[in-house]
1. Whose amide H sits under 5 Å from the amide H of Gly60, counting only residues 5 or more places off or on another chain, with H placed in the peptide plane?
2. Would you please classify the overall shape of segment 233-295 from the alpha carbon gyration tensor, given that a ≥ b ≥ c denote the square roots of the eigenvalues, rounded means a/c under 1.5, and beyond that prolate means a/b larger than b/c while oblate covers the rest?
3. Report the net charge of residues surrounding Cys87, where surrounding means a beta-carbon distance below 13 angstrom and charges are Lys +1, Arg +1, Asp -1, Glu -1.
Amino acid sequence: MPARTITLEEMQENEEFMLRAEGTPEDSLHFKNQSFLYDHRDHLCVELTISGEPIFLRSGIRIDRQYMDKEDTSRREKQPYALKENCAFMQLNCTAYMNQKEGVLAKRKIIAIGSRLFILMDEFYPVGIHMYEQIFQFSKSNAVLISGNHIHYEGEKICMDMHYMSGDMSSDGSISMIQGGLDAGGGVMTDAVSVKKEGGAFRSLLSVLHCYEKGPAPGIEIRKLVPESFKKGTMNDQQVEALEITMGEKRYIVSISHLDVLESADLFRVGDCNGFGNVLFFEASSEEKRPIVLR
């Protein structure tokens with residue numbers, strides 16, 4: 001597992017999480033329901049800092065190109081989170097878009113493997129047809145390149161590669177400029193990328209974020225796996241999504257179920273690993289291949 005030990009703190013009555021890594025300069029991920037920037041009202045936002053350098057000013061969602069002026073004031077349920085063996089899981093729900101005729105429940109799930117490798121899963125449970133959008137605003141301008149399902153960000157000392165793993169995920173390939181607001185230095189214009197998906201049924205957006213020191217990009221291979229339940233047979237992307245991530249001699253397998261479809265006694269297989277649980281992490285390069293149950 002990654003060398004820097006991480007901590008996970010629940011904040012503001014379970015409406016925010018803060019993940020940090022030991023040592024300086026700091027690695028941190030701040031995850032909250034409301035936007036960090038005063039003039040943007042998107043939800044389920046992430047602020048990411050690696051080695052003391054800001055990467056994301058925000059990474060949030062909006063639906064039907066609407067920003068909800070009213071704060072999400074619905075009853076909040078206890079949101080799941082876990083920290084086990086330097087691997088963390090966080091989830092927040094957004095009900096702000098449910099207060100309309102054809103509403104949407106949005107969920108964002110994040111798995112952190114150490115402090116520099118993240119799996120980001122957005123889930124949308126709608127009534128009617130909607131346009132779902134992820135907005136990634138970076139801390140710099142002229143720092144982003146888009147190639148197919150891959151976004152590369154190059155900062156002063158840190159680079160980040162974002163790999164989209166949802167087959168029908170689409171970006172128009174453009175890099176727009178969004179005013180950063182107070183948190184970006186009083187109106188500095190920075191790069192922003194949006195990814196959209198339309199539909200009238202359950203939708204998910206899955207991506208992998210890999211951060212590293214500036215220089216030659218370390219090798220990483222990512223592929224989707226098809227989980228097999230011993231009770232229910234082959235699981236599709238509407239039920240469970242799984243990834244295999246290979247970095248040098250390390251190989252990780254992660255599975256995330258939607259709507260917690262897996263029962264506590266439902267043994268299933270993903271790749272060459274077996275386990276129980278709705279969110280699982282395996283260090284598949286180890287002999288034991290022991291599952292870490294995060295949910």
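1. Placed amide hydrogens put Val46, Ile135, Gln137 under 5 Å from Gly60.
2. In terms of gyration-tensor shape, prolate.
3. Working: positive: Arg4, Lys84, Arg116, Lys250, Arg290, Arg295; negative: Glu85, Glu283.
Local net charge: +4.
None of the figures in this text is laboratory data; all of them are computed from the coordinates on show. The structure displayed is predicted, hence computed values, not measured ones. A quick note on method: Cβ atoms are made from the backbone with ideal geometry, for glycine too, and the neighbour counts reach across all protein chains shown.
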